[in-house]
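Colleague: Sending over a structure as structure tokens; questions will come in a sec.
Values quoted throughout were computed directly from the atomic coordinates according to the rules given, and no laboratory measurement underlies them. Everything numeric in this text was worked out from a predicted model, so none of it was measured. Positions of Cβ are backbone-derived with ideal geometry, glycine not excepted, and every protein chain shown enters the neighbour counts.
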Amino acid sequence: MLEKFLINKFVKQDEDKAKSRNNYGNMSSFVGIFCNTILFITKLTLGLISGSISLVADSINNLSDVGTNIVTLVGFKMSVKPADKEHPFGHGRTEYISAFAVSFVILLLGYELFKGSFERILAPSPVEVTLLSGGIILITIGVKIWLSRFYMNMSKIINSQALAAASIDSRNDVLATSSVLVSFVITYFTKFVIDGYIGLLVAVFIIYNGIQFIRESMDTLIGNQPDDSLLNDISAYINNFDGIISLHDLVVHDYGPMSKMVSAHVEISANYSLIVAHEIVDRIERDIYTDMGISLVIHIDPIEETCEETTDIKESIQLYLTDYEDIVSIQDFRIMKTYNVVIFDILMKEDCSGEIKEIREKIVRFLEEKYHYEFFINIRKEKHYF
């Protein structure tokens, strides 16, 4: 109910998908900044009054969440900034760079809290626990549970990995704050002060998150494997067009959440004229940019479908290659009769055993003994590109 109110009140729907996505992202980020700021101030005040280092540690965790929300907000704003002469692929990666910088701040905060909690264990001091403080902690847990669901729902609407990550982070915060509540309950009923130990656990939790954020940011900046869902969506979109026989060598370059460049090889019947083949791939490139915001470049591999000799040789090769469990498929198969040459690619499993050079030589010897052609085989290992 509250989510619908926030969307209707603060999200301006726009025909431009990038701008509409930005509006959802801005609203989600501002909601996170507001909630986490209130939680930070409330927990810090209560922690200082009660003398609870674990509650102070948990409040700092909320402060780091504010930083994460700001990074997400900057990322959404930069994603719609147009490309310019110095940045022809846009500014979408600024979000990744900012996240990388904030990760070190989170790590530093975690270290300082770890040190303070360890000192509290060595020199414990009394903690004032009241029903009011326990009630406030329960309320903050409820807010974090709602934030986690809110982020996840918004991430599904605009397909945002950043908001999905924020949802998981909020869910983890529920566990951290719950540990503080456990500390208060134990102290309230047993008078045994475990505040420093709980603060230590929260600090370790913050440090762990900081390391995870650094690793994720580095992976994105270096270039990690794209999501299988994205690869499947692109493949399904291209294969849905008439005239496309098959698709391979799909390469995705990430320049930000709303800026991706993709190249792909498609097999098209050699019976099509160059004009018709060009129109097929040109239409795919235009439509996928309109529907998915992806800049696509397609390489055409012409396939002989009506030549009996080509079909016979290809089927014979496929039958022979069934003995090789590590072979995935044959691609770009063609006969150059002018030069008496057969050319094709063999795609191997990424973890295939055996030397590729030896496999190629063995296959070539078999084929040249059986056919009067010279064979040129390119063997590649299966992998995802980014």
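Colleague: How far apart, in nanometres, would the label points at Val341 and Val185 be if each is projected 7 angstrom from Cα along the Cα-to-Cβ direction?
Modeller: 7.5
Colleague: Same structure, new question: What distance in nm lies between label points placed 7 Å from Cα along the C-beta direction at Asp228 and Glu355?
Modeller: It is 3.4 nm.
Colleague: Given a Förster distance of 51 angstrom, what is the FRET efficiency for Val364 paired with Ile70, based on the Cβ-Cβ distance and rounded to 0.05?
Modeller: Efficiency, rounded to the nearest 0.05: 0.30.
Colleague: With θ taken as phi - 60° and the coefficients 6.51, -1.76 and 1.60, list the Karplus ³J(HN,Hα) couplings across the range 163-174 in order, rounded to whole Hz; mark glycine and proline as x.
Modeller: 3J(HN,Hα) across the range 163-174, in whole Hz: 6, 5, 5, 4, 5, 5, 4, 5, 5, 5, 4, 4.
Colleague: How many nm separate the modelled label positions at Glu279 and Asp219, each set 7 Å beyond the Cα in the direction of the Cβ?
Modeller: Output for this residue pair reads 4.5 nm.
Colleague: Separate question: Which one of Ser170, Gln318, Gly116 has its Cα pushed farthest toward the positive end of the charge dipole of the chain, where Lys and Arg give +1 and Asp and Glu give -1 at the Cβ?
Modeller: Gly116
Colleague: Considering only DSSP beta bridges with both partners in the range 228-381, what is the antiparallel share in %, to the nearest 5?
Modeller: 45
Colleague: Also: What FRET efficiency would be calculated for the residue pair Lys85, Met1, taking the C-beta separation as r and a Förster radius of 41 Å, to the nearest 0.05?
Modeller: 0.30
Colleague: I would also like to ask the following. Along the range 107-122, what does the Karplus equation 6.51 cos²θ - 1.76 cosθ + 1.60 (θ = phi - 60°) give for ³J(HN,Hα), rounded to whole Hz, x for Gly and Pro?
Modeller: Coupling constants for the range 107-122: 4, 5, 4, x, 5, 4, 5, 4, 5, x, 5, 5, 5, 5, 5, 5 Hz.
Colleague: Determine, from the Cβ-Cβ distance of Val297 and Leu138 and an R0 of 45 Å, the FRET efficiency 1/(1 + (r/R0)^6), rounded to the nearest 0.05.
Modeller: 0.25
Colleague: Could you work out how much longer the chain between Glu305 and Lys77 gets when fully extended? Use 0.36 nm per residue separation minus the Cα distance between them, nm to one decimal.
Modeller: In short, 77.1 nm is gained.
Colleague: Between Ala176, Ala101, Ala166, which gets the highest mean-square fluctuation from a Gaussian network model of the chain, Cα cutoff 10 Å?
Modeller: Of Ala176, Ala101, Ala166, the most mobile in the Gaussian network model is Ala101.
Colleague: Something else: Around Ser269, with a cut-off of 13 angstrom between Cβ atoms, what is the net charge of the other residues, counting Lys and Arg +1 and Asp and Glu -1?
Modeller: -4
Colleague: Still on this structure, I have one more. What is the distance in Å between the Cα centres of the range 147-189 and the range 76-93?
Modeller: Centre-to-centre distance over Cα atoms comes out at 31 Å.
Colleague: How high is the relative contact order of the range 2-222, given as a whole-number percent (alpha carbon pairs under 8 Å, six or more residues apart)?
Modeller: 26
Colleague: Give me the base-10 log of I(q)/I(0) for the range 2-222 at each q in 0.08, 0.12, 0.18 Å⁻¹, Debye formula, one uniform scatterer per Cα, rounded to two decimals.
Modeller: -0.32, -0.66, -1.22
Colleague: Turning to a different aspect of this structure: Among the listed pairs Lys4/Lys81; Lys349/Lys370; Lys43/Lys81; Lys4/Lys260; Lys19/Lys85, give every one whose C-alpha distance is greater than 32 Å.
Modeller: Pairs exceeding the cut-off: Lys43/Lys81.
Colleague: Which whole-number percent gives the relative contact order of the chain, counting Cα pairs below 8 Å spaced six or more residues apart?
Modeller: So the answer I get is 13 percent.
Colleague: Please work out, to two decimal places, the log10 of the ratio I(q)/I(0) at q = 0.08, 0.16, 0.17, 0.21 Å⁻¹ from a Debye calculation in which every Cα of the range 228-381 carries one identical scatterer.
Modeller: Summing over Cα pairs of the range 228-381 leads to -0.28, -0.98, -1.06, -1.30.
Colleague: Here is a further query. Scan around Glu305 for amide H atoms under 5 Å from its own, H built in the peptide plane at 1.01 Å from N, and keep only partners 5 or more places away or cross-chain.
Modeller: Ala270, Asn271
Colleague: To continue, here is another question. Name the residue farthest towards the positive end of the dipole of the chain from the options Ile49, Val143, Phe366, assuming +1 on Cβ of Lys and Arg, -1 on Cβ of Asp and Glu, about the Cα centre.
Modeller: Toward the positive end, the furthest listed residue is Ile49.
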